[in-house]
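Written out below as structure tokens is the structure these notes cover.
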Amino acid sequence: MNLVKNEKLENNQHELHIAIDAEAFNAGIVKAFKREAGKYNIPGFRRGKAPRHMIEKMFGADVFHYDAINALFPDAYEAAIAESGIEPVDRPEVEIVSASTEDGVVLKAVVTVKPEMKVGAYRGLKAVKKVHTVEDAAIMAEIDRMRERNARIITREGAAENGDITDIDFDGSVDGVPFEGGKAEHFSLTLGSGQFIPGFEEQVVGHAVGEEFDVNVTFPEQYQAEELAGKAAVFKIKLHEVKTRELPEADDEFAKDVSEYDTLDELKASIRKGMEEQNEKNAELEVENDLVDQIVGTLEGEIPPVMFETRVTEMVRDFEYRMQQQGLGLEDYLKYTGSSMEQFREGFREQAEKQVKIRLALEAVAHAEGIVASDEDFENELQRIAEAYKMEVEKVRGIVPEADVKKDLAVNKAIDLVKENAEITVENVTDENGEEDKGEEA
């Protein structure tokens with residue numbers, strides 16, 4: 001098996017001619033015969049027991065040629081790609097140029113490859129690093145969220161208020177006729193949550209335990225159950241119970257209960273430190289994104305549309321996997337949201353195109369600078385992945401492709417080079433309105 005021809009075509013395509021010698025082809029035919037003989041019914045022979053020459057006589061001398069070529073092509077194509085040094089971004093279009101048991105096979109494969117892109121200036125770029133100061137109000141807001149998470153649910157007397165958790169029976173009807181899904185007993189409804197259609201929860205507010213009353217509402221014009229859209233409905237309600245959330249006091253005892261710290265001041269200090277570290281990471285990421293966007297803006301070259309389509313497909317598959325983890329299939333999700341697959345894919349397109357351009361731009365920087373990842377870099381990355389996923393390094397090695405990981409590492413090095421050679425002005429954002437105090441250049 002060898003590469004006979006590698007011709008560069010228009011539109012980022014290459015035409016490869018791949019030869020499979022007669023010996024390998026004939027061996028492939030023998031394997032195809034053994035694998036496929038049972039499919040052919042020859043009079044006088046039990047299925048799968050007829051000799052090869054009888055099958056070829058009845059169905060044609062080339063009856064096993066296609067199966068042999070189909071089995072031999074993947075290895076031949078992979079070897080040809082390695083020899084040519086191109087990087088395909090799509091499946092090849094393949095046709096048989098010639099095939100015989102005497103001379104072997106010649107295949108033509110036309111494949112779209114990753115484009116050769118160029119970028120403009122990537123050294124000396126300018127960016128502003130905005131670091132948000134952690135205000136006392138932000139710390140107290142986090143303390144309040146912690147209090148909410150540790151609240152006690154207690155039953156109380158009196159009229160229901162927004163924020164209360166109510167236990168209700170409801171029985172809905174439209175023009176006096178009950179409808180599907182309109183009835184339930186002992187339903188737990190948090191008032192003000194927006195769980196029910198507009199106007200429902202507001203009419204429960206003010207009623208006390210034991211009361212029975214009507215709630216009058218109108219279904220939205222755009223409602224998932226079309227037969228109810230825009231219709232006026234009456235719900236008969238019985239209020240069984242009212243509960244409220246009792247928040248713990250923000251004091252030293254609270255700090256001991258919810259953290260490793262003995263005092264509220266220590267807890268606040270820890271929260272401040274965490275927020276400052278996160279603000280620093282966010283500021284670094286914003287600078288990185290700004291610099292990369294500047295480079296992408298100078299990107300030159302024709303990007304094959306298939307690269308965008310492939311990235312959209314990958315993003316759809318990632319989304320589908322996450323849905324499956326939650327017990328929901330993609331088809332069901334589309335049905336619930338009223339979207340078609342075409343509309344769903346289109347929702348990923350802008351992000352997919354941006355990601356493809358970013359990758360190509362940074363690869364162009366890496367190529368221009370001769371940046372490559374070393375074997376040591378690869379081993380360190382394997383160790384990082386193993387620690388992150390609590391796996392053995394050798395198991396990780398068997399899962400992740402070395403070439404792909406090294407490309408990712410080279411791209412990361414390109415980002416580092418761009419940041420190291422950029423003029424970055426640090427600004428501290430000191431209030432909620434975004435007013436900034438300019439600092440020094442980095």
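Brief remarks on what is shown
- Restricting the GluC sites (Glu not before Pro) of the range 85-158 to loop positions (DSSP other than H, G, I, E, B) with no more than 10 neighbouring Cβ atoms within 10 Å leaves E102, E157.
- Too-long pairs where the Cα-Cα distance tops 27 Å, listed order kept, from K130/K273; K130/K256; K273/K406; K183/K335: K130/K256; K273/K406
- For the range 232-323, the residue among M275, F319, L291 whose Cα projects farthest onto the positive side of the dipole built from Cβ charges is F319.
- Over the chain, Cα pairs under 8 Å with separation of 6+ residues give a relative contact order of 17 percent.
- Basic side chains Lys and Arg get +1 at the Cβ, acidic Asp and Glu get -1 at the Cβ, and with that the dipole of the range 1-80 about its Cα centre reaches some 760 debye.
- Alpha-carbon centroid distance for the pair the range 206-233 / the range 350-421, whole angstrom: 55
- With each label modelled as a point 7 angstrom along the Cα→C-beta vector, the Q222-E387 pair spans 4.9 nm.
- Compared with the dominant principal axis of the Cα atoms in the chain, helix 22-36 is inclined by about 60°.
- With a threshold of 26 Å on the Cα-Cα distance, the over-threshold entries among K129/K357; K5/K357; K118/K413 are K5/K357.
- Between the beta carbons of V296 and V205, assuming R0 = 51 Å, the FRET efficiency works out to 0.50 to the nearest 0.05.
- Whether the range 159-225 is rounded, prolate or oblate, judged on the alpha carbon gyration tensor where a/c under 1.5 counts as rounded: prolate
- Between the range 300-325 and the range 83-99, the Cα center-to-center distance that results, in Å: 22
- Carbon/sulfur fraction of accessible area - the chain, other protein chains in place, 1.4 Å, %: 47
- The chain, helix-only ellipticity at 222 nm - DSSP H runs n ≥ 4, -39,500 (n - 2.57), divided by all residues, nearest 500: -15000 deg cm²/dmol
- Student exercise, the chain dipole from Lys, Arg, Asp, Glu Cβ charges, in Debye to nearest 20: 2920
- Heavy-atom accessible surface of the range 188-240, averaged per residue, reaches 57 Å², computed with a 1.4 Å probe.
- Selection among A127, Y77, V94 by position relative to the dipole of the range 14-129 gives A127 as farthest towards the positive end (Cβ unit charges, Cα centre).
- Equivalent ellipsoid semi-axes - Cα gyration tensor, the range 84-150, angstrom: 62, 24, 7
- The residue among L239, G28, V411 whose Cα reaches farthest toward the positive pole of the charge dipole of the chain, with charges on the beta-carbon of Lys, Arg, Asp and Glu, is G28.
- Between the beta carbons of F187 and D75, assuming R0 = 45 Å, the FRET efficiency works out to 0.10 to the nearest 0.05.
- Overall form of the range 212-327 per C-alpha gyration tensor (a/c, 1.5; a/b vs b/c): oblate
- Taking 0.36 nm per residue of separation and subtracting the current Cα-Cα distance, fully stretching the chain between M58 and Q325 would add 90.9 nm.
- Between E212 and S259, the contour length at 0.36 nm per residue exceeds the Cα-Cα span by 12.5 nm.
- Computed about the Cα centre, the dipole magnitude for the range 99-142 is approximately 440 debye when only Lys and Arg (+1) and Asp and Glu (-1) carry charge, each at its Cβ.
- Stokes-Einstein D (µm²/s) once Rh is taken as the Kirkwood radius of the range 333-437 over alpha-carbon pairs, at 20 °C in 1.002 mPa s: 121
- Taking a straight line from the alpha carbon of K49, these lysines sit under 16 Å away, with near neighbours fewer than eight places off in the same chain left out: K31, K34, K39, K57.
- Of (1) 123; (2) 287; (3) 209, the label for volume of the Cα convex hull per residue in Å³ derived from the coordinates: (2)
- A159 paired with E276, simple spin-label distance in nm, labels 7 Å along Cα-to-beta-carbon: 4.9
- In the chain, the longest principal axis of the Cα atoms and the axis of helix 402-420 are about 60 degrees apart.
- A prolate overall shape is assigned to the range 1-114, the ratio a/c of its alpha-carbon gyration tensor axes (a ≥ b ≥ c) being 1.5 or greater and a/b exceeding b/c.
- Computed E for K335/R145 - FRET, C-beta separation, R0 41 angstrom, nearest 0.05: 0.70
- Rolling a 1.4 angstrom probe over the protein heavy atoms with all chains in place gives the range 262-351 an accessible area of 65 Å² per residue.
The values are calculated or read from the model by the stated rules, or taken from the named source; none is laboratory data. Bear in mind the structure is a predicted one, so any value in this text is a computation, not a measurement. When we count neighbours, we look across all protein chains shown, and the Cβ atoms used for this are built from the backbone with ideal geometry, even at glycine. Ligands, DNA and RNA are stripped out before the accessible areas are found, and what is left, the full protein with its side chains, is counted by its heavy atoms. Shrake-Rupley method; radii C 1.70, N 1.55, O 1.52, S 1.80 Å.
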